[in-house]
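Note sheet for the following structure.
The values are calculated or read from the model by the stated rules, or taken from the named source; none is laboratory data. It should be emphasised that the depicted structure is a prediction, and the values quoted were computed from it without experimental measurement. Counting neighbours? That spans all protein chains shown, and the Cβs are built from the backbone with ideal geometry, glycine included. Note: areas computed on protein heavy atoms with side chains; ligands, DNA, RNA excluded. Shrake-Rupley method; radii C 1.70, N 1.55, O 1.52, S 1.80 Å.
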Amino acid sequence: MKKIATRDAYGKALVELGKQHQDVVVLDADLSKSTKTADFAREFPERFINAGIAEQNMVGMAAGLASAGKTVYASTFAIFATGRAFEVVRNSVAYSNMNVKLCASHAGITVGEDGGSHQSVEDIALMRSMPNMTVVVPADGVSAAQAVFAIYDIKGPAYLRLGRPAVPVIYQENSPFKIGQANRLRRGKDAAIIACGIMVGKALEAAQQLAQEGIEVAVVDMHTIKPLDEAIIIELARETGAILTVEEHSIIGGLGSAVCETVCAQYPVPVIRMGINDSFGQSGGPDELLQYYGLTVEKIVNNVRDLMRKK
Amino acid sequence: MKHIDQQQIQRLQEQARKVRRQIIAMLGEAGSGHTGGSLGAADIVTALYFWEMDIEPQRPDWEERDRFVLSKGHAAPLLYAVLAERGYFPTEYLQTLRKLGSPLQGHPDRSKLAGVDATTGSLGQGISWAVGMALAGKMDHKDYRVYSLLGDGELEEGMVWEAAMAAAHYRLDNLVAFIDFNGLQIDGPVAEVMSPLPIPAKFAAFGWEVLQIDGNDMRQILEALNCARVVKGRPTAIIARTVKGKGCSFIENKVEWHGVAPKGEEIARALAELDM
Ligand SMILES: Cc1ncc(C[n+]2csc(CCOP(=O)(O)OP(=O)(O)O)c2C)c(N)n1
Ligand SMILES: [Mg+2]
């Protein structure tokens with residue numbers, strides 16, 4: 001199976017976007033080799049600005065550039081983009097509705113060895129709580145590249161969550177990708193798995209295993225956390241009567257919370273949220289950490305079984 | 001004022017060399033981590049823990065102890081090597097760096113490892129923490145001193161200057177900040193990426209006592225620490241010119257050695273160079 005990191009796909013797509021649109025300006029905060037904006041910097045040095053190790057200023061400058069007509073893609077690690085610069089994102093970007101795309105790499109625990117200080121497990125919660133902000137969490141390299149173009153068309157703030165390790169490619173180059181419209185990857189009536197980011201691939205694997213036991217689960221890639229595709233959530237609740245959410249993020253405030261908000265208010269069914277269980281990350285290999293925090297195919301399978309007992 | 005003699009300097013240089021060997025071995029075993037910035041500042045942190053600071057490794061929580069904040073937290077291997085060599089924990093721990101379950105996290109975590117005074121890793125935050133510790137010392141009329149080490153790239157964080165302002169405002173003469181002036185950050189030389197220069201004039205303008213030294217020269221480090229002890233009414237910044245990667249010729253001054261660990265042949269070569 002082909003593997004590519006979503007940050008690598010981002011770097012390449014950004015160069016293409018830059019070729020198509022002269023108004024695209026890219027900012028980074030001394031991490032361009034890691035976030036992959038270095039590709040754009042090489043191609044268009046006059047449209048690349050290194051803010052240095054100063055994330056708040058980077059986001060503030062992004063807002064200023066956007067107010068002068070630029071479409072700004074600003075990158076650093078997710079922890080610094082959404083954490084360090086939070087209130088600048090909130091006031092200068094979201095509140096003022098500026099055309100800034102915060103494209104953050106190294107999200108989640110798969111940052112690995114750098115440890116808990118660098119592993120952002122709260123960023124989806126932070127970004128989705130803000131009015132005007134579109135939040136996109138692509139599952140693979142193909143959809144990450146599509147998202148780079150899709151958020152260009154929004155003409156407003158967006159957050160794109162990218163990861164460090166190479167992850168399996170699950171989409172074809174021409175698969176449809178539309179902001180706010182979840183992708184239904186598998187049909188099933190026994191339960192539904194709603195996943196985002198790197199957990200989509202694992203959800204699909206789990207569904208295949210369950211199918212061998214005669215359990216048919218629907219799998220949906222909720223790549224846009226905001227605006228949330230509520231229609232598909234209600235549809236799944238009605239069709240399957242039980243939903244499992246899976247994300248590489250805290251179970252507080254992310255995809256799981258968003259799904260629960262919709263389910264509770266509109267079509268109550270049992271939900272199990274899988275994610276980081278209200279704890280910080282730590283050093284370790286990316287796969288070891290996924291194992292440690294229970295973000296595995298095996299755990300998804302077990303949770304689907306538990307969930308079906310709750311129906 | 002502490003007496004400085006040639007024998008002591010040689011002892012400390014020897015100790016710094018051991019620390020560098022530990023850094024290489026530890027990073028080699030971990031397979032990832034920050035090599036350049038750990039090696040370059042080895043003389044400074046060795047001088048602090050083996051000469052300057054009033055500490056008791058058997059009592060890492062001793063209230064009267066001097067404190068150290070590694071504001072450039074990515075140099076964690078350096079801090080761990082020094083703490084182990086100083087007897088805070090067995091040197092065998094060093095082999096667990098960055099591994100699942102280890103107290104030696106990728107960046108220093110005070111809740112996981114006794115001896116680490118401040119949890120750091122997000123640049124700019126450590127110096128504020130150090131200011132807070134120094135403030136507490138003043139409040140409680142304790143005479144412990146607080147030391148911190150910052151990167152020159154780290155100076156690009158606005159928070160550093162907020163901390164610098166507060167330290168001068170509250171006349172924190174119990175605070176000493178080393179600036180590891182190696183001229184490099186991740187994306188290139190600091191002067192090209194986002195210049196924090198001139199560094200001495202900035203700290204002076206913020207109201208700090210400013211000293212400029214060669215940060216790989218043990219005698220100059222000790223003399224600067226002695227000078228800082230007699231400064232009254234303001235904090236001291238020691239701008240220490242260093243060579244990033246100091247001690248391993250193929251790592252020295254190479255921007256690409258910021259965040260990678262030595263492997264195979266490189267480990268052997270680095271250890272051989274540090275053996276002389
Ligand atoms: C707030 C924050 N932004 C970005 C980083 C990522 N980062 C780690 S080290 C580093 C470069 C540091 O350069 P410098 O301070 O000069 O350190 P040194 O050269 O001594 O290694 C960066 C950008 C970080 N750790 N924290
Ligand atoms: Mg530096």
Selection from B:Gln185, B:Leu79, B:Val230, by position along the positive dipole direction of chain B (Cβ) | B:Val230
Give the Rg/Rh ratio for region A:191-246, taking Rg as the radius of gyration of the Cα atoms and Rh as the Kirkwood radius, to two decimals.
-> 0.97
For the protein assembly as shown, max minus min Cα coordinate along each principal axis, in Å, sorted largest first?
-> 81, 52, 50
In this model, which of A:Lys70/A:Lys155; A:Lys155/A:Lys226; A:Lys33/A:Lys178; A:Lys36/A:Lys226; A:Lys189/A:Lys311 are farther than 18 Å apart at the alpha-carbon?
-> A:Lys33/A:Lys178; A:Lys36/A:Lys226
Test item: Cα-centred dipole of region A:89-230, Lys/Arg +1 and Asp/Glu -1 on Cβ, debye = 440 debye
Here, trypsin sites (Lys or Arg not before Pro) of region A:44-95 satisfying both criteria (DSSP loop; at most 14 other Cβ within 10 Å) are none
How big is the convex hull of the Cα atoms of chain B, per residue, in Å³?
-> 112 Å³
For A:113-123, B:21-31, ranked highest to lowest by mean beta-carbon neighbours within 10 Å, the order is A:113-123, B:21-31
Positive-end residue, region A:1-109 charge dipole about Cα centroid, Cβ charges, pick of A:Leu65, A:Tyr95, A:Ser32 | A:Ser32
Where the Cα pairs of chain A fall when distances are cut into 10 Å bins, in % = 7, 30, 36, 20, 7, 1
Expressed as an acute angle from 0 to 90° and rounded to the nearest 10, what is the orientation of the C-alpha long axis of helix A:55-67 relative to the principal long axis of chain A?
-> 80 degrees
May I have the extent of the alpha carbons of region B:13-86 along their three principal axes, as whole Å values ordered from largest to smallest?
-> 37, 23, 20
nm² value of the averaged projected area, convex hull over the Cα atoms of region A:183-310 | 7.2 nm²
If you place +1 on the Cβ of every Lys and Arg, -1 on the Cβ of every Asp and Glu, and leave all else neutral, what size is the dipole of region B:220-276 about its Cα centre, to the nearest 20 Debye?
-> 500 debye
Ratio Rg/Rh, restricted to region A:231-283 and using Cα atoms, in which Rh is the Kirkwood radius = 1.05
Under a 1.4 angstrom probe, counting protein chains only, how are A:Val135, B:Val210 ranked by accessible area, largest first?
-> B:Val210, A:Val135
Report, for the protein assembly as shown, the % of DSSP beta bridges that are antiparallel, rounded to 5.
-> 15 percent
Please determine, in degrees from 0 to 90 and to the nearest 10, the orientation of helix A:297-310 with respect to the longest principal axis defined by the Cα atoms of chain A, where the helix direction is its Cα long axis.
-> 50 degrees
How well do other chains shield peptide B:192-203, expressed as the mean number of their Cβ atoms within 10 Å of each residue Cβ?
-> 2
Where does each of B:107-115, A:180-188, B:156-164 land if you order them by average Cβ count within 10 Å, highest first?
-> B:156-164, B:107-115, A:180-188
Only Lys, Arg, Asp and Glu count, each charged at its Cβ (+1, +1, -1, -1), so figure out the dipole size of chain B about its Cα centre, rounded to 20 debye.
-> 260 debye
Enumerate the whole-percent occupancy of each 5 Å bin, from 0 to the last occupied one, for all C-alpha pair distances of region B:89-193.
-> 2, 11, 18, 19, 16, 16, 11, 5, 1
Semi-axes a, b, c in Å (a largest) for region B:115-158, each sqrt of 5 times a Cα gyration tensor eigenvalue, come to 22, 11, 8
Counting only DSSP beta bridges with both partners in region A:170-311, the antiparallel fraction in percent, to the nearest 5, comes to 20 percent
Of all C-alpha pairs within region B:1-137, those more than 27 angstrom apart amount in percent to 16 percent
Project the alpha carbons of region A:3-115 onto their principal axes and report the range along each, largest first, in whole Å.
-> 39, 32, 22
Average partner coverage of A:272-284, which counts Cβ from other chains inside 10 Å | 3
Expressed as a whole number, the average count of other chain Cβ atoms within 10 Å around the Cβ atoms of A:234-243 is 0
SASA check, B:Thr91, accessible area w/ 1.4 Å probe, all protein chains in place, rounded to nearest 10 Å², comes out at 50 Å²
Positive-pole candidate from A:Ile300, A:Ile193, B:Gly158, dipole of the protein assembly as shown, charges at beta carbon = A:Ile193
Under the helix-only model (-39500 (n - 2.57) for each DSSP H run of 4 or more, divided by the residues of the protein assembly as shown), the mean residue ellipticity at 222 nm, to 500 deg cm²/dmol, is -11000 deg cm²/dmol
Region A:1-94: relative contact order from alpha carbon pairs under 8 Å, six or more residues apart, as a whole percent, is 30 percent
Taking Cα atoms, how many degrees apart are the long axis of helix B:158-169 and the longest axis of chain B, rounded to 10 and kept between 0 and 90?
-> 40 degrees
Among bridges DSSP assigns within chain A, what percent are antiparallel (round to 5)?
-> 20 percent
Considering the convex hull of the alpha carbon atoms of region B:177-254, report its projected area averaged over all viewing directions, in nm², one decimal.
-> 5.5 nm²
Taking Cα pairs closer than 8 Å and at least 6 residues apart, the relative contact order of chain B in percent is 25 percent
